[in-house]
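Q: Here's a structure for you.
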Amino acid sequence: MFHIHFKRSIIVSVCLCVSVSFLSAQNNLKLKYNNSTVYTGIEVGSKGVKMSMVELGKNAQSNGSFNILKDTSVNTDFISFNESTFSATLNALCGLYETARKDYKISDKRIFTAISSGVKMQAEKDEKTEFIKKLIDSFKIRINDQSKTVAVIDVKQEALLSHLGIVPESRRYSTFLIDIGSGNTKGGYFPYGNTKDFYLFQLNWGTKSMSNAADKRMEEDKSLGNYQKQLTRTLSQAENADIIYAVNASGAYPLSDYIAFSGGAAWAAATLMHPELIDNAVISVTFEEVVKYYEKLYTSFANFSPENLAKTSEDNNEKAAIMKAAKTVHGVFDQKSLMAGTGLLLKIMRQFSSLYETKQFYLVKNGQVGWISAYVDQSQKETVSK
């Protein structure tokens, strides 16, 4: 089974003993492992600032033991690149950093900050890169640490880090990872059996951009039926003009046995399709399963309400967990967005399904923290090599 795995080469000498005050401050974090280390990743993305706390067990290098402790975000719309959203983003970035440092006693060296590739690309497109520099400089002044590293990640580095952080080492060279974001889709694989050579896969379509394109076609008829019709047309256009070519050009079909999807659309689908697997970080699905799910999003959307999904379990604790997860999904995506993201997911999956060979598909729920694990590993190696 394709278990999510954070393969880390954490050097024993840097895994310091956790202090008593650290433990008391983290009682509400529900640590799972003995002698574990907690890391925090804070990322400035297109929509806002996200913070994830990840517990890595002492055997993380060999068995990928990890535990997501907290995952939160503050919507600030940074890519509007105006003074209002800049201030909101700076306040959110500093606020989350101080929360990790003061409230949870995470040391500075275990808090990693980054600017996402989506922000970098949009800033370059709009000629607003000075906003990124200003944000980083202001952040360092606010936390009184000029030496703090704030990485500005490009799209290839982000895709590579996600692959290293999400995909188990045993399937490193046979898995094609695809992350469906809000405005674009990115991913890739290692074609030559080493981690130096990475093939980057990109599409200028994401959940939000697909939904927006369908909305623009609707004109005066704003009904869900017309949205579904226009979405079908938009998806077909994207498939014929972009998706087929991108997948074929990647050369991934003959080299990849496993196709793993991360991003919001994958997380939502995994949560709503299989509520009974609430504790599973990765869900195995078939193309046919996702087709049926996509159809029900349009015809039977009420079936995916938190209340209905909770009925799949008789355990009260599990019911509560299912309800919470489903409410989170519905808080992020409305019906139209779920249809758009799932439709895009299906169009990509379709390129890896044939009469002769169908790949094994997986939906990754916690893909957003993948870069943190890989970044920790990369940073530790750089520290030791100096």
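Q: Would you please classify the overall shape of segment 157-368 from the alpha carbon gyration tensor, given that a ≥ b ≥ c denote the square roots of the eigenvalues, rounded means a/c under 1.5, and beyond that prolate means a/b larger than b/c while oblate covers the rest? Before the final figure, lay out each step's value.
A: Working: a/c = 1.93, a/b = 1.19, b/c = 1.63.
Oblate.
Q: Please work out, to two decimal places, the log10 of the ratio I(q)/I(0) at q = 0.15, 0.21, 0.22 Å⁻¹ from a Debye calculation in which every Cα of segment 89-188 carries one identical scatterer.
A: Those come out to -0.76, -1.12, -1.15, one per q.
Q: Now for a different question. Mean separation of Cα pairs under 8 Å and 6+ residues apart, divided by the residue count of the chain: what relative contact order is that in percent? Write down the numbers at each step before the final one.
A: Values: 655 pairs, mean separation 69.4, N = 386.
The normalised contact order for the chain reaches 18 percent.
Q: Take every DSSP beta bridge whose two residues both sit in the chain, then give the antiparallel share in percent to the nearest 5.
A: Details: 30 of 48 bridges.
Rounded to the nearest five, the antiparallel share is 60 percent.
Q: Same structure again: What residue among SER84, SER116, SER353 has the largest mean-square fluctuation in a Gaussian network model of the chain, using Cα springs under 10 Å?
A: Comparing SER84, SER116, SER353 in a Gaussian network model of the chain, the most mobile one is SER84.
Q: Picking from VAL282, VAL290, VAL369, which is most flexible by a Gaussian network model of the chain using Cα springs under 10 Å?
A: Checking each option, the largest mean-square fluctuation is seen for VAL290.
Q: Here's another thing I want to ask about it. Could you tell me the ratio Rg/Rh of segment 162-229? Both radii from Cα atoms, Rh via Kirkwood. Display every interim value, and only then the final one.
A: Working: Rg = 17.4 Å, Rh = 14.1 Å.
We get a ratio of 1.23 for segment 162-229.
Q: Can you tell me which of GLN228, GLN237, GLN360 moves the most in a GNM of the chain? Springs connect C-alpha atoms under 10 Å apart.
A: Sorting by GNM fluctuation, first place goes to GLN237.
Q: Whole angstrom only: what separates the Cα centroid of segment 294-343 from the Cα centroid of segment 207-230?
A: One Cα centre to the other: 22 Å.
Q: Using each residue's phi in segment 102-113, evaluate 6.51 cos²θ - 1.76 cosθ + 1.60 at θ = phi - 60° and report the 3J(HN,Hα) Karplus result to the nearest Hz, with x for Gly and Pro.
A: Calculated HN-Hα couplings, in order: 8, 6, 10, 6, 7, 5, 4, 6, 9, 10, 10, 10 Hz.
Q: In this model, which of LYS70/LYS292; LYS30/LYS105; LYS120/LYS208; LYS148/LYS365; LYS102/LYS327 are farther than 25 Å apart at the alpha-carbon?
A: On the way: LYS70/LYS292 32 Å; LYS30/LYS105 15 Å; LYS120/LYS208 18 Å; LYS148/LYS365 30 Å; LYS102/LYS327 30 Å.
LYS70/LYS292; LYS148/LYS365; LYS102/LYS327, as the Cα separations exceed 25 Å there.
Q: Let me ask something else about it. Please list, in order along segment 193-203, the HN-Hα scalar couplings obtained from phi with the Karplus expression 6.51 cos²θ - 1.76 cosθ + 1.60 (θ = phi - 60°), rounded to whole Hz, x for Gly and Pro.
A: These are the phi-based 3J(HN,Hα) values: x, 9, 8, 7, 9, 10, 8, 8, 10, 9, 9 Hz.
Q: Return the aspartates and glutamates within reach of LYS128: Cα separation strictly under 19 angstrom, same-chain partners fewer than 8 residues apart disregarded; answer none if there are no such residues.
A: GLU43, ASP77, GLU83, ASP137, ASP154
Q: Using every pair of alpha-carbon atoms in the chain, split the distances into 10 Å bins beginning at 0 and state the percent of pairs per bin, rounded to integers.
A: Bins of 10 Å from zero give 5, 22, 32, 28, 11, 2, 0 percent of pairs.
Since every read-out is calculated from the coordinates, none of them should be taken as a lab result. Quick caveat, the model's predicted, so the values are computed rather than measured.
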